[in-house]
């Protein structure tokens, strides 16, 4: 777990710095112009996703040692990958960016709350590190909120440089995401193989259900197909690096992160297939 524990905070901070560099104040004020789509997406991500994750743990009788890993990924906000894939899917990129930005900032409160609530609901006793909800929130503030603010300041004072290197920043973010999860797969391969079926089953089920819920909820409440595609991808693509970072603050053993690792692989596969289907349908 040593490599993952070391690189996860730095990788997450750099990913959030890249997110901040892609944001302007308009990305936050825009939501007041079209609040309906924004709130539909935010509620699906921050409320519906954790509830569905909790219900699936009970329905599928997920082993207790994997339960918190499932709730960690269910609590995580959308990742920057969703912005890239929304663009490829001809979805509402502006909405995607606003959702990712707001959910990421809110996550310093929502993620610790959901994690500690899950510990209580499942009567989990295998949390090995002494840390409070406030303690996790503070750590998340320094690796999530602060880098986003710094990134936005860089965007404001060096906008030409940022605009020229937008694709490189996106590639770096995706690359860092992959490095973290490759490290998990290398370090915990035996545990992943041991729990692959159970972790993979709930991860795949959660991912598909949430993409469907996001798509059809947006169809009912949002204004168009571009918003449906965006919200569906936002519901299916979580910030796995953030989930891993929080996990490293709770556990010494990475076996509890197997669902997060499984979800990361599955969400990329299903989302890319979804985008390819949409592009083929368009063409």
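The numbers here are math on the coordinates, done by the rules we state, and not lab data. Since the model is a prediction, treat every value here as computed from it, not as a measurement. Using ideal geometry, Cβ is built from the backbone for each residue, glycine included, and neighbour counts are taken over all protein chains shown.
Counting other Cβ atoms within 10 Å as a rough exposure proxy, the listed residues 122, 177, 277 run 277, 122, 177 from fewest neighbours to most. A simple spin-label model places pseudo-atoms 7 Å from Cα toward Cβ; at residue 55 and residue 26 they are separated by 3.9 nm. To the nearest 0.05, what FRET efficiency results for residue 172 and residue 269 with a Förster distance of 22 Å applied to their C-beta separation? E between residue 172 and residue 269, to the nearest 0.05, is 0.50.
Based on DSSP H segments of at least four residues, each scored -39500 (n - 2.57), the chain has a per-residue ellipticity at 222 nm of -25500 deg cm²/dmol.
Pairs of alpha-carbon atoms within less than 8 angstrom and 6+ residues apart define the contacts here; what relative contact order does region 89-175 have, in percent?
On the way: 22 pairs, mean separation 25.9, N = 87.
Averaging sequence separation for qualifying contacts and normalising by length gives 30 percent for region 89-175.
Each Cα pair under 8 Å and six or more residues apart adds its sequence gap; the mean of these over the residue count of the chain is a relative contact order of 37 percent. By the count of neighbouring beta-carbon atoms within 10 Å, fewest first, 268, 194 end up ordered 194, 268.
Extension gain residue 208-residue 122, at 0.36 nm per residue separation less the Cα-Cα distance, in nm?
Full extension from residue 208 to residue 122 adds 28.6 nm.
Among 106-116, 133-143, sorting by the average number of other beta carbon atoms lying within 10 angstrom of each residue, highest first, gives 106-116, 133-143. Across region 138-283, C-alpha contacts under 8 Å between residues 6 or more apart give a mean separation that, scaled by the residue count, equals a relative contact order of 27 percent.
Each residue in 146, 275 was given a count of other beta-carbon atoms within 10 angstrom of its own, and listing them fewest first yields 146, 275.
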